[in-house]
Amino acid sequence: MNRRFFQFCFLILAVAIMASCGSKNKQAKVLEQPKAEVAQGSQVQTPVTDQENKVAVKPGADVAKKKSEVKKEPIKKEFRANLPEPPREFRAAWVATVANINWPSKNNLSTEQQKQEAITLLDMLKKNNFNAVIFQVRPSADALYKSNYEPWSYFLTGSIGKAPSPYYDPLEFWVEEAHKRGLELHVWLNPYRAHHSNGGQVTSESMVNKASDYVVRLRNGMYWFDPASQKTQDHASNVVMDIVKRYDIDGVHFDDYFYPYASYNGGGDFPDDATWSAYRRSGGNLSRSDWRRDNVNKFIKRIYTQIKAEKPAVKFGLSPFGIWKPGYPAGVTGSSQYDELYADAKLWLNEGWIDYFTPQLYWPINPPKQSFTALLKWWESENTHKRHLWPGLNTVAVSTSNRVQEIKNQIEVTREVIPNSTGAVHWSIAGLTKNPSMLKALHEGPYSQPALVPASPWLAHNPILKPTLLLTKQTSSVFAKWLHKQPEQVFKWVAYARYGNTWDVEIFDAPQTEFSFPKTKNGQKLNAIAIKPVDRLGNEGDYIAEEVTE
């Protein structure tokens, strides 16, 4: 019995040993497999995670097989193309508030009526492919906005110092509504006029009384700040910079009134004996005329410098009288702003103290005594810093037998003389609203297509990021949707669609971020789409483009 028991135990022990050896052999084979893969060049470690299919590869799996099963999305190659330049031209109109010339049409309109009139004007500009409005916010030391320095305008409410009721801020409203329509808004201020003869009675609220020590009365009933007074210069500077700091404007604009026209004072000299005498007592040795010009020169340079220090992107524009001096250019006759208004506008242009220059060239192309073309060419010859030169056109009353054709011709002349920065400003918006034939001729002619405002390369700006683009094919069109990581950078979009070998160009306002492009046009198939962002200063960012395939 003992013998049989020992044989049984031996048998059990032998089976256990064989089982143990077999298990070790299997483990050895498993451990040898990864070594074989590494030897063949694989860098796979265990465990391996396939990031695209989210599959964990366990030790011993066939890694090569798993790799072959992964389906990678094809990488889209960046599509680059030779895109055409989008059309560019500054197209603006002056909106005068003094004496209720343009807006509001009366000084007793309700808030809602004022808003509706403004919207009608802005809609008209947008519909007819204008891209800017120059809005008069300070006609005569008064304000069509909530000012910290001057009273509400008589031309707004019929009473100096009276706010609109129900309350709103007209400038804030104009800025918002203009930008909704992709229009630049430039504030237009008269720097020295203290009270207009059509501005109602002078009251205790008027700057005539509040600044009586540096305001003088002219014989035609107007009041004028003395440009030589430091108080005048400081006050006007405060007014300008208050607007620049608080409102989202695109530009600041002065017109042709510096020292007043002699006719305003009955042909007599400007009454500045007090400041002139003080200047002479202090040791000043300039002639009286040069001293007056120097007062204005310092003020213009100061305003430009202060605007650029506060908001470099806000443009400073000037609209001086169209003739600097008789004889410049040869053969030109007429009044001299240099000698009568003490405005050396040529110096301001020569020195680059402006971003755009809009001389009031309110005469026809012919005759030559005040030739639009001759004067425009002369001003351009003085444009040493290559600032924007966008002439003022007398759309209301240019003296010619065919006013519509004359204005169209002047636009064409401007494009020829200044091809790299074309533009014009129309005096005034009434020349468009009250003359349907003029508006129709511009819309069907030179302004038939939208245009970007010319860029101002001397003004600093931040680079614009490239947008993203998603195309969706539809039955007869391709739907494009684009996005931008910093939408506040974008003021306009330029959309390109290529049919055959020809690029179509569309300009959209910033809020529009989608469009359906037809698959065929003029018998040609759509084969590419590109989108480019444009900032508030007209600078273009990099574009994104994709080819369109069947």
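Assess whether VAL417 counts as being open to solvent by less than 70 Å² (accessible area, probe 1.4 Å) and farther than 30 Å from ILE544 by Cα. Taking the combined requirement at face value, the residue satisfies it. Those strands (runs of 3 or more DSSP E) of segment 38-150 in which 1 or more residues are at pLDDT 95 or above and in contact with a strand residue (DSSP E or B) (Cβ under 8 Å, 6 or more places away or on another chain) occupy 90-95, 132-138. Under the condition of being in a loop (DSSP other than H, G, I, E, B) and either open to solvent by 10 Å² or more (accessible area, probe 1.4 Å) or touching a Lys or Arg at 6+ places or on another chain (Cβ under 6 Å) (or both), the residues counted in segment 165-189 number 6.
In this structure, is ALA141 within 24 Å of LEU218 (Cα to Cα) and open to solvent by less than 10 Å² (accessible area, probe 1.4 Å)? When the stated conditions are applied, ALA141 passes them. Just a yes or no: is a residue in segment 500-511 under 14 Å from the mean Cα position of the chain (by Cα), of a type in the set (Asp, Glu) and modelled with pLDDT of 95 or more? The answer is yes, given that some residue of segment 500-511 is under 14 Å from the mean Cα position of the chain (by Cα), of a type in the set (Asp, Glu) and modelled with pLDDT of 95 or more. If we keep just the residues of segment 395-425 that are touching a Gly at 6+ places or on another chain (Cβ under 8 Å) and not hydrophobic (A, V, I, L, M, F, W, C), which is farthest from TYR356 (Cα to Cα)? Among those that are touching a Gly at 6+ places or on another chain (Cβ under 8 Å) and not hydrophobic (A, V, I, L, M, F, W, C), it is LYS408. On inspection, TYR154 fails the criterion of being open to solvent by less than 50 Å² (accessible area, probe 1.4 Å), aromatic (Phe, Trp, Tyr) and at negative phi. Looking only at segment 383-411, how many residues end up being open to solvent by 40 Å² or more (accessible area, probe 1.4 Å) and either touching a residue at least 60 places away in the same chain (Cβ under 8 Å) or out of contact with any His (no Cβ under 9 Å at 6 or more places or on another chain) (or both)? So the answer is 12. Kindly indicate whether ARG219 is over 22 Å from LEU156 (Cα atoms) and touching a residue at least 60 places away in the same chain (Cβ under 8 Å). Spelling it out, it is not the case that ARG219 is over 22 Å from LEU156 (Cα atoms) and touching a residue at least 60 places away in the same chain (Cβ under 8 Å).
Name the one entry in GLY251, GLY161, GLY200 that is farther than 28 Å from SER282 by Cα and in contact with a Leu (Cβ under 9 Å, 6 or more places away or on another chain).
The match here is GLY251.
Scanning segment 100-109 for residues that are open to solvent by less than 50 Å² (accessible area, probe 1.4 Å) and either without any contact (Cβ under 8 Å) to a residue 40 or more places away in the chain or of a type in the set (Phe, Trp, Tyr) (or both) yields TRP103, LEU109. Taken over segment 190-220, the criterion of being touching an Asp or Glu at 6+ places or on another chain (Cβ under 9 Å), in a loop (DSSP other than H, G, I, E, B) and closer than 19 Å to TRP276 by Cβ is satisfied by TYR192 alone. Has segment 280-298 got any residue that is under 37 Å from the mean Cα position of the chain (by Cα), at pLDDT 95 or above, open to solvent by less than 40 Å² (accessible area, probe 1.4 Å) and under 24 Å from GLU184 (Cβ atoms)? No: zero hits. Among the residues making up segment 420-454, those that are open to solvent by less than 70 Å² (accessible area, probe 1.4 Å), farther than 12 Å from GLU89 by Cβ and assigned to a loop (DSSP other than H, G, I, E, B) are SER428, ILE429, ASN435, GLY445. Annotation note: of GLU412, GLU416, GLU380, GLU406, the sole residue that is assigned to a helix (DSSP H, G or I) and in contact with a strand residue (DSSP E or B) (Cβ under 7 Å, 6 or more places away or on another chain) is GLU380. Looking only at segment 232-258, filter to residues that are outside any loop (DSSP other than H, G, I, E, B) and of a type in the set (D, E, K, R); which one of those is most open to solvent (accessible area, probe 1.4 Å)? By that ranking, first place goes to LYS245.
Taking the options TYR328, TYR342, TYR356, name whichever one is surrounded by fewer than 20 Cβ atoms within 10 Å (Cβ to Cβ) and of a type in the set (Phe, Trp, Tyr).
Details: TYR342 fails: surrounded by fewer than 20 Cβ atoms within 10 Å (Cβ to Cβ); TYR356 fails: surrounded by fewer than 20 Cβ atoms within 10 Å (Cβ to Cβ).
Within the list TYR328, TYR342, TYR356, the selection yields TYR328.
Annotation: TRP291 fulfils all but one of (1) touching a Gly at 6+ places or on another chain (Cβ under 7 Å); (2) of a type in the set (Phe, Trp, Tyr); (3) over 16 Å from PHE270 (Cα atoms); the unmet one is (3).
Scanning segment 464-485 for residues that are within 17 Å of ASP542 (Cα to Cα), exposed (fewer than 13 other Cβ atoms within 10 Å of the Cβ) and not basic (Lys, Arg) yields a total of 3. Within segment 194-225, the only residue that satisfies the criterion of being charged (D, E, K, R) and in contact with a strand residue (DSSP E or B) (Cβ under 6 Å, 6 or more places away or on another chain) is ARG217.
The values are calculated or read from the model by the stated rules, or taken from the named source; none is laboratory data. From a predicted model like this one, the values you see are computed outputs, not experimental measurements. Positions of Cβ are backbone-derived with ideal geometry, glycine not excepted, and every protein chain shown enters the neighbour counts. Surface accessibility is based on the protein's heavy atoms, side chains included, excluding ligands, DNA and RNA. Shrake-Rupley method; radii C 1.70, N 1.55, O 1.52, S 1.80 Å.
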